[in-house]
Amino acid sequence: MTFQEILTDAANSVEGAMAVGLIGVDGIGVETVVSDGHVLDTEATEVELAGLVGSVSRAATALRAGSVHDLFVEAENQSYLITFLDSDYFLAVMLGPKANLGRARFEVKRVSQRLRENL
């Protein structure tokens, strides 16, 4: 199964998912799937999320908290659920304001394993 197929399956399985992406910690997206009806500057999103991931990882190191596994950011119009796949890649799910967070968390765990097997 290709990355696009795996990410499309995840996007279709989460009510309110706007996009799902496999992104390098360097900000270069491997693959991002945008759900129907949504417009997204994927390159800008990938770079900004990688910057956020880097900042949180540095903070966790400085606080001696260990490595970051998951990250959730909730804003007024969008939320981001991020999980690290390994030291080089993370999975990000962009959710709309009425998205099903529980289902998104379930899908992230399910899809993460499939992506790790294909990296």
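The values are calculated or read from the model by the stated rules, or taken from the named source; none is laboratory data. For clarity, every value in this text was computed on a predicted model and none was experimentally measured. Neighbour counts are summed over all protein chains in view; Cβ atoms, including those assigned to glycine, are modelled from backbone coordinates with ideal geometry. Quick note on the areas: whole protein, heavy atoms, side chains included, nothing else; ligands and nucleic acids left out. Shrake-Rupley method; radii C 1.70, N 1.55, O 1.52, S 1.80 Å.
Observations on the structure shown:
- Yes/no for D9 being open to solvent by 20 Å² or more (accessible area, probe 1.4 Å) and not in a helix (DSSP H, G or I): no
- All told, V33 meets the bar of being of a type in the set (A, V, I, L, M), within 17 Å of D9 (Cα to Cα), open to solvent by 10 Å² or more (accessible area, probe 1.4 Å) and in contact with a helix residue (DSSP H, G or I) (Cβ under 7 Å, 6 or more places away or on another chain).
- Condition broken by T42, with the remaining ones in (1) more than 14 Å from the chain's Cα centre (by Cα); (2) without any contact (Cβ under 8 Å) to a residue 24 or more places away in the chain satisfied: (1)
- Residue check for R116: open to solvent by 40 Å² or more (accessible area, probe 1.4 Å), out of contact with any strand residue (DSSP E or B) (no Cβ under 6 Å at 6 or more places or on another chain), among the basic types (K, R) and within 17 Å of G24 (Cα to Cα): yes
- Hits in segment 79-96 - residues which are open to solvent by 60 Å² or more (accessible area, probe 1.4 Å) and in contact (Cβ under 8 Å) with a residue 60 or more places away in the chain: S87, D88, Y89
- Matching residues, segment 12-30, being touching a residue at least 60 places away in the same chain (Cβ under 8 Å), open to solvent by less than 40 Å² (accessible area, probe 1.4 Å) and within 12 Å of the chain's Cα centre (by Cα): A17, M18, A19, V20, G21, L22, I23, G24
- Listed conditions (1) within 16 Å of M94 (Cα to Cα); (2) open to solvent by 20 Å² or more (accessible area, probe 1.4 Å); (3) under 14 Å from the mean Cα position of the chain (by Cα) are all met by F3, apart from (1).
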